[in-house]
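Here is the structure we will look at, set down as structure tokens.
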Amino acid sequence: MTMIQEGYEYAKQAYAKWGINVDEAILGLKRVPISIHCWQGDDIAGFEVDAQELSGGIDVTGDYPGKAETPEQLRSDLEKALSLIPGTHRVNLHAIYAETDGEIVERDQLEPKHFKNWVEWARQHQLGLDFNPTIFSHPKAADGLTLSHPDPEIREFWINHCIASRKIGEYFGRELGTPCLTNIWIPDGYKDVPSDRMTPRVRLKDSLDRIFAAPIDEAFNVDAIESKLFGLGSESFVVGSHEFYLGYALKNNKLCLLDTGHFHPTETVSNKISSMLLYSDNLALHVSRPVRWDSDHVVTLDDELREIALEIVRNDALDKVMIGLDFFDASINRVAAWTIGTRNMIKALLYAMLTPNDYLKQLQEEGNYTERLTLIEEFKTYPFGAVWDYYCEQNGVPVKEAWLDEVKAYEQGVLGHRGKQEVR
């Protein structure tokens, strides 16, 4: 018996004392897909022929060498990251990752054929695909307004882009046999205090109504809408606030997507999950790590990540919450960033599955807060790491930090030959 197996057997005994079946936990964990965002690999550059400078209150800092510059490079980097992450997952695309064979295709004219290479690749690797219209980094979004713009021609352009995106999402779902989550986020807002908040929101509501009126087979495409508190250039007012989208989603049977960086620093998404699940059958997440603001740092195994996972697991919501990631860090190796963030999301779910949630609920109902706090704290040092190591080994991915050696080798052999910069 290897050390990993010995550690696993010890962990099974420790958790069994509390009625936790570790074997069942890791089987359940393997069935949970994480939607991994492609844009970490190229700093949200995309592959448009007439690509624009990044805008919309989004910024990527750092200049670590080796970023993907072609679709083939990006898919290669994703394959490397996926080989280091246990389980079978999904990949999340933005519209700017279309492949048009050198032809300039405006975003409102995008078609499923421009993503056929992504579908073939996803099918080969048994991956689902999710999608997002790209409503930023474009001349028609230069003033920070899109679906709420006072100019009807600009609104029409973005409405048509979103309709086209939903059709692409439907194509993904039909071709791959798993529904695509198509999520709409816009940067619309004002830098200074507005004199009229209602009119832009009336226009946004009308735009969304027109977008969702276009017929789409919901068996293949799931619509989601994403709020934000503020952004660069929209510090004082964002049209698509949490309250706006929550109301719209509930009234129109759409998914409300919560990005963990899109709220006030004192708010936590984990605290919203149970309330929203009372009124909505499903919801979606973009898990990020805000540092003082929506800075999209790589996800770490911090308290909030564990609380998010606990809220999902202890409320039996693994089949109700669609979990995606959304961070972009150009200061470190991008394949490593994917690997760190995704492995941490999965670790958090495993941690939650290895917690005596039912007993802790009982203690709370009984008012036994002393024992509740005691167990919550003691379980932080239970042999969770031994189960994680076993899970990685069983899924054929490196155990502990051994994956970093593979990333270093990939950096030397592949990433280091991109561009003119030398690998550090």
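The values are calculated or read from the model by the stated rules, or taken from the named source; none is laboratory data. Please read all numbers here as calculations on a predicted model, not as lab measurements. A quick note on method: Cβ atoms are made from the backbone with ideal geometry, for glycine too, and the neighbour counts reach across all protein chains shown.
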**Asked** From the list 81, 25, 45, which residue is among the small types (Gly, Ala, Ser) and in a loop (DSSP other than H, G, I, E, B)?
**Response** 45
**Message:** I need every pair where a residue in the stretch 158-180 that is among the small types (Gly, Ala, Ser) has its Cβ under 6 Å from the Cβ of a residue that is surrounded by fewer than 24 Cβ atoms within 10 Å (Cβ to Cβ) and not in a helix (DSSP H, G or I), sequence separation at least 6 or different chains.
**Reply:** 164/110; 169/221; 173/179; 173/220; 173/221
**Prompt:** Counting just the residues of the stretch 57-89 that are free of Cβ contacts under 8 Å to residues at least 60 places away in the same chain and more than 30 Å from residue 139 (Cα to Cα), which one comes out farthest from the chain's Cα centre (by Cα)?
**Reply:** 79
**the stretch 372-420, residues that are of a type in the set (A, V, I, L, M, F, W, C), free of Cβ contacts under 8 Å to residues at least 24 places away in the same chain and within 30 Å of residue 361 (Cα to Cα)** = 373, 375, 376
**Request:** Please give the number of the condition residue 126 fails out of (1) within 21 Å of residue 74 (Cα to Cα); (2) without any contact (Cβ under 8 Å) to a residue 40 or more places away in the chain; (3) not in a loop (DSSP other than H, G, I, E, B).
**Result:** (3)
**the stretch 126-150 - residue that is in contact with a strand residue (DSSP E or B) (Cβ under 9 Å, 6 or more places away or on another chain) and over 27 Å from residue 200 (Cα atoms) and, of those, surrounded by the fewest Cβ atoms within 10 Å (Cβ to Cβ)** = 128
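For residue 421, state whether it is in a helix (DSSP H, G or I), surrounded by 11 or more Cβ atoms within 10 Å (Cβ to Cβ), of a type outside the set (Asp, Glu) and modelled with pLDDT under 95.
So residue 421 fails the test.
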**Request:** Run down 131, 172, 136, 157 and say which single residue is over 19 Å from the mean Cα position of the chain (by Cα) and either within 26 Å of residue 36 (Cβ to Cβ) or among the hydrophobic types (A, V, I, L, M, F, W, C) (or both).
**Result:** 157
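Name every residue in the stretch 90-107 that is of a type in the set (Val, Ile, Thr) and within 15 Å of the chain's Cα centre (by Cα), in order of residue number.
91, the sole residue that qualifies.
Restricting to the stretch 286-318, and then to whatever is β-branched (Val, Ile, Thr) and within 20 Å of residue 39 (Cβ to Cβ), can you tell me which residue is farthest from the chain's Cα centre (by Cα)?
291
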**Prompt:** Among the candidates 377, 365, 311, 371, which residue alone is buried (at least 17 other Cβ atoms within 10 Å of the Cβ), more than 23 Å from residue 131 (Cβ to Cβ) and among the acidic types (Asp, Glu)?
**Reply:** 311
**Message:** Where the second residue is of a type in the set (Phe, Trp, Tyr) and not in a loop (DSSP other than H, G, I, E, B) and the first is over 15 Å from residue 155 (Cβ atoms) and lies in the stretch 202-227, which pairs have Cβ atoms under 6 Å and are six or more apart or on separate chains?
**Reply:** 225/245; 227/245
**Message:** Please count how many residues of the stretch 273-292 are touching a residue at least 40 places away in the same chain (Cβ under 8 Å) and surrounded by fewer than 16 Cβ atoms within 10 Å (Cβ to Cβ).
**Reply:** 1
**Asked** Which pairs do you get when a residue that is touching a residue at least 24 places away in the same chain (Cβ under 8 Å) and under 20 Å from residue 248 (Cα atoms), found in the stretch 258-272, comes within reach of a residue that is among the basic types (Lys, Arg) and surrounded by fewer than 16 Cβ atoms within 10 Å (Cβ to Cβ), reach meaning Cβ atoms under 7 angstrom, with the pair 6+ apart or on two chains?
**Response** none
**Of all residues making up the stretch 169-222, the number that are closer than 30 Å to residue 235 by Cβ, crowded, with 18+ Cβ neighbours inside 10 Å and hydrophobic (A, V, I, L, M, F, W, C)** = 8
**Prompt:** Counting only residues that are in a loop (DSSP other than H, G, I, E, B) and in contact (Cβ under 8 Å) with a residue 40 or more places away in the chain, which one in the stretch 90-104 is surrounded by the most Cβ atoms within 10 Å (Cβ to Cβ)?
**Reply:** 98
**Complete:** Among residues of the stretch 1-42 being under 22 Å from residue 340 (Cα atoms) and touching a Lys or Arg at 6+ places or on another chain (Cβ under 6 Å), the residue surrounded by the most Cβ atoms within 10 Å (Cβ to Cβ) is 40
